[in-house]
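Below you'll find the structure, written out as structure tokens, and then a few comments.
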Ligand SMILES: Cc1ncc(C[n+]2csc(CCOP(=O)(O)OP(=O)(O)O)c2C)c(N)n1
């Protein structure tokens with residue numbers, strides 16, 4: 001597997017954990033991996049972006065503009081923001097949640113309408129209501145696992161190793177609910193694929 | 001492993017005994033990880049200068065010691081830094097400084113390599129997590145070998161990137177014997193003159209050493225292009241110019257002149273690719289080595305990337321999807337943040353605010369827009385004195401210096417003493433949330449616990465201010481808007497120095513006071529939007545009314561005080 005992933009969301013949505021799980025997965029597969037994280041200021045409700053590079057002989061820990069095979073976006077505005085990172089022909093996996101930036105909260109700006117449609121005109125988009133799926137799985141904060149589940153199914157990978165990667169990173173008290181969210185994400189993709197024929 | 005974890009690991013394996021640091025992104029996790037090794041004594045110092053002095057003491061005392069800080073922290077510690085270069089060490093001493101190109105979490109983009117040159121200290125720069133560990137170990141050995149501290153420079157993309165690290169065993173080291181030696185350790189003019197000679201000799205020896213050190217590495221590939229680089233820039237160059245020959249500098253000061261000349265002679269066109277300042281480039285040009293390109297290609301500002309290097313060298317870059325019009329999402333104060341109350345009152349009273357650095361810097365952003373200045377840690381209190389002297393009493397009575405608890409203890413308290421001593425009647429507001437919030441909740445002397453979470457003496461800020469000679473000290477709950485307003489009006493009116501301590505623990509830590517979300521009743525809400533002035537991310541404008549987002553609201557109740565119509569309710573103990 002050789003894959004460059006950009007993970008983008010809003011501070012507090014669990015993007016860091018998602019990148020660590022992908023890091024653990026690559027390690028389990030015996031692949032080289034580099035992950036670039038953002039700590040500090042932007043974690044206070046700002047836009048947060050992390051990069052995961054899996055393959056062999058990786059140099060830069062960053063995914064460049066135009067370099068991501070996959071963008072995992074946790075929010076619609078953030079998905080729009082991340083589009084230039086996507087490689088031509090890459091895929092965007094989008095949790096379709098809307099988190100209003102302060103300018104929308106205060107009424108100075110309107111939340112962009114039809115963000116997903118705009119994206120669909122440009123690239124392949126897999127969008128889903130990851131928040132509801134996470135809530136059903138029993139933990140609203142496991143949106144990150146739902147999206148990883150979609151990625152796993154999209155790549156057509158055996159979930160076994162992914163489960164192990166989750167177990168390596170997630171605290172044992174939260175493991176079960178996180179795996180449930182992960183599998184729900186996987187199932188969602190598989191079912192929607194079936195529906196699409 | 002995170003680069004910062006790997007530095008901690010390398011130091012651990014090198015037998016480090018003591019780590020004293022002040023937090024600062026992107027260096028913080030090094031010390032946090034050191035605290036996880038039972039063999040290491042780790043502490044949060046009150047500031048970088050103190051941290052470095054504790055380390056110098058430990059090193060003089062024969063132990064291996066390390067202090068870690070962000071780039072601007074080195075400014076604070078610069079005083080001991082320049083002179084410990086003269087005294088040297090005994091046990092190995094490593095100073096880690098983490099630069100932040102592109103200012104992800106900083107107020108400037110300074111390049112700390114210049115410190116190594118001005119202080120005549122060797123500086124290493126790793127290019128991935130493995131090297132973070134390897135170079136940390138090497139730095140201790142080099143420190144003992146040359147009897148001088150060694151600096152280890154990181155940048156954000158090294159400190160906060162994860163890559164594979166091979167673990168080694170810790171090599172325990174005896175504490176070296178300590179011998180009092182005033183010629184070496186008492187730096188008064190007579191002795192310092194002698195030590196300055198030693199510094200110069202040492203630098204010559206180091207310059208000879210770096211010519212053959214394996215920390216510098218020549219990778220000959222196609223000789224058409226030769227690039228000199230270090231740290232993260234090396235990774236970008238390898239990615240962007242895979243065929244190019246590279247001289248990768250692991251030691252960025254002193255520079256290996258012979259090795260560089262030799263490399264220059266073997267390649268057809270020589271380039272320097274470095275982030276921030278033209279540090280290598282200037283030196284090379286001074287040596288008369290001709291360059292085909294350097295900063296003219298890569299620029300002085302921000303971070304590099306593989307793509308920026310490709311562009312600089314005129315290579316083809318990957319095609320891009322067009323950037324979409326979207327909304328900015330700057331960081332904001334959390335729902336329930338105790339800094340919100342004080343700022344909403346300061347904004348309401350239209351006070352001038354000399355601000356400081358911490359989560360509360362976010363009060364400068366609209367809609368609160370409550371801050372006039374932010375310079376560096378501790379500057380708020382000094383600057384307000386300057387404003388008062390320059391613009392007089394009237395202005396002083398509408399000015400407040402706002403500072404966090406950690407920042408006050410870091411470098412605010414001396415400025416407060418200055419105000420008292422010089423009778424400059426300023427008003428200071430300490431936003432006391434009992435923690436160093438911005439950098440990720442490191443405890444400080446106001447927290448009542450240490451880095452290990454063990455109970456520690458909790459400093460009494462009010463008593464401290466009184467002891468400095470401040471007669472007017474009041475403590476107000478950060479959620480008591482009326483109380484804050486009264487205190488601000490009274491204290492700014494006074495001609496004396498006064499301190500208002502706005503107190504309430506950080507909302508992210510204070511789970512005890514969490515309540516169920518509040519609700520705004522649309523039938524009662526008149527749409528005056530007074531509650532929106534506090535700039536809470538949970539309160540949204542929905543048509544003619546406000547709506548409180550239950551996923552955001554922590555029930556802090558600050559907005560209750562702003563609604564004259566009693567439209568907001570709820571908030572039971574969660
Ligand atoms: C010299 C220096 N050291 C460290 C930092 C990193 N830093 C920024 S704000 C801050 C402390 C903030 O703590 P506090 O004053 O208690 O405010 P809070 O964030 O808790 O509101 C630190 C350590 C810095 N900017 N400058």
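No value in this document is a laboratory result; all are computed from the given coordinates. Note that the coordinates shown come from a computational prediction; the quantities given were computed from them, not determined experimentally. Cβ: placed from backbone, ideal geometry, glycine included. Neighbour counts: every protein chain shown.
Some observations on this one:
- Between region A:142-172 and region B:115-134, the alpha-carbon center distance in angstrom: 37
- Virtual paramagnetic centre 7 Å along Cα→Cβ of residue B:207, amide N under 16 Å, in region B:240-272: B:252-262
- Fully extended contour minus Cα-Cα distance, from residue B:188 to residue B:220, at 0.36 nm per residue: 6.6 nm
- Region B:217-312 - percent relative contact order, Cα under 8 Å, separation 6 or more: 32
- 10 Å binning of all Cα-Cα separations within region B:164-302, expressed as whole percents from 0 upward: 10, 31, 26, 19, 13, 2
- Across region A:1-106, the mean sequence separation of Cα contacts (distance under 8 Å, 6 or more residues apart), normalised by length, yields a relative contact order of 30 percent.
- Cα centroid separation, region A:17-61 to region B:425-440: 33 Å.
- Förster radius 60 Å - calculated FRET efficiency between residue B:170 and residue B:523 (Cβ-Cβ, nearest 0.05): 0.35
- Label-point gap, in nm, between residue B:200 and residue A:124 - each point 7 angstrom along Cα→Cβ: 6.8
- Fraction of beta bridges assigned by DSSP in the protein assembly as shown that are antiparallel (%, nearest 5): 30
- Axis angle, to the nearest 10 degrees, between helix B:231-240 and the longest C-alpha principal axis of chain B: 80 degrees.
- Mean separation of Cα contacts under 8 Å, 6 or more apart, over the residue count of chain B: relative contact order %: 10
- Cα centroid separation, region B:352-420 to region A:79-127 (Å): 39
- Sum of -39500 (n - 2.57) over DSSP H runs of 4+, divided by residues of the protein assembly as shown (222 nm, nearest 500): -11000 deg cm²/dmol
- Paramagnetic label zone (point 7 Å from Cα along Cα-to-C-beta, residue B:423; backbone N under 17 Å) in region B:468-497: B:469-472, B:494-497
- Label-zone membership for region B:189-230, site residue B:243, 7 angstrom Cα→C-beta point, backbone N under 14 Å: B:221-226
- The simple Förster model, with R0 at 22 Å and r as the Cβ-Cβ distance, assigns residue B:544 and residue B:349 a FRET efficiency of 0.20.
- Separation of the residue B:441 and residue B:325 label points, Cα + 7 Å toward Cβ, nm: 4.1
- Highest mean packing first, where packing is the average number of other Cβ atoms within 10 Å per residue, the peptides B:276-287, B:129-140 line up as B:129-140, B:276-287.
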